Amino acid sequence: MFCCCLSNIFLMLRKGVTFMDQHASSTLAILTGLYVVLTYLILRSSKKAFIESIRPYITIKTDIDPASRTVCLKISNTGKTSAENLRLSMNKVFCPIDIKRDENNNGKLVPYQRSALNDVYLFKKEIQTFPPGQEIIFYLGEASHIFKDDFREKTPLQFSITAEYNYQKSKKKEETVIDLEVYRLSQLEPLGRTIKTLQGIENAIRKLKK
């Protein structure tokens, strides 16, 4: 019984080897084809990852200066290559807030709305080349003034900026939502430190008066 089983196993192995010998060229062709396809997929994936790692990235964000509490808009290329044919657009009109002296009110400093940010060159014209590391800053206004309801119509707290640009043979269109509400009632430094600073200024003024 055991010998019979061994005989059958050897017979099957011999048939398998015979089949492989007869179809060796076909098997090799299939394996070669699979190797070529896998190599192509790996190379394509590697090329795509490389291009993504060096492509331009147009980063749009807001920041606030702790000293002056001025909110600013920063537009920069944080990638490693230049963005070509850059176009920026806003979905709403936004007028930055500035301050001026009101001569009709004893020279008191009062806030007012400047010309719309939408009308500046960067948002009106196509930028041929925006190199890596380039950063442009727009000052939007002091936080306390931005949140005044008097300016809400032309100084919205939420708006979006769309960036369209080219690199290599690709095109990108990215939208960034800006929400200035995040700065409402924000405490940029400990209140105790601010009070001490004000007290120091007050004491210095008193000394000058003596």
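Approximating the spin labels as points 7 Å out from Cα along Cα→Cβ, the ASN118-to-ILE137 distance works out to 2.7 nm. Between ASN104, LEU185, VAL71, the Cα set farthest toward the positive side of the dipole of segment 54-203 (charges on each charged residue's Cβ, about the Cα centre) is that of VAL71.
Structure shown: which of LYS61/LYS171; LYS80/LYS171; LYS100/LYS125; LYS61/LYS125 lie over 23 Å apart, alpha-carbon to alpha-carbon?
LYS100/LYS125
Among the GluC sites (Glu not before Pro) in segment 83-148, those located in a DSSP loop and surrounded by at most 14 other Cβ atoms within 10 Å of their own Cβ are GLU126.
Annotation for segment 77-147: trypsin sites (Lys or Arg not before Pro) lying in DSSP loop with at most 12 further Cβ atoms inside 10 Å of their Cβ are LYS80, LYS125.
Relative contact order, percent, of segment 54-203 when contacts are C-alpha pairs under 8 Å separated by at least 6 residues?
Over segment 54-203, the number comes to 27 percent.
A straight chain from GLU174 to ASN91 at 0.36 nm per residue would run longer than the Cα-Cα distance by 28.6 nm. Could you tell me the center-to-center distance, by alpha carbons, between segment 164-185 and segment 129-153 in angstrom? For segment 164-185 versus segment 129-153, the Cα centre distance is 14 Å. In terms of its C-alpha gyration tensor, segment 56-99 has an oblate overall shape, because the principal axis ratio a/c (a ≥ b ≥ c, square roots of the eigenvalues) is not below 1.5 and a/b does not outweigh b/c.
No lab work stands behind these numbers, since they all come straight from the coordinates. Model, not experiment: these values are computed from the prediction. Ideal geometry is used to build each Cβ from the backbone, glycine not excepted, and the neighbour counts take in all protein chains shown.
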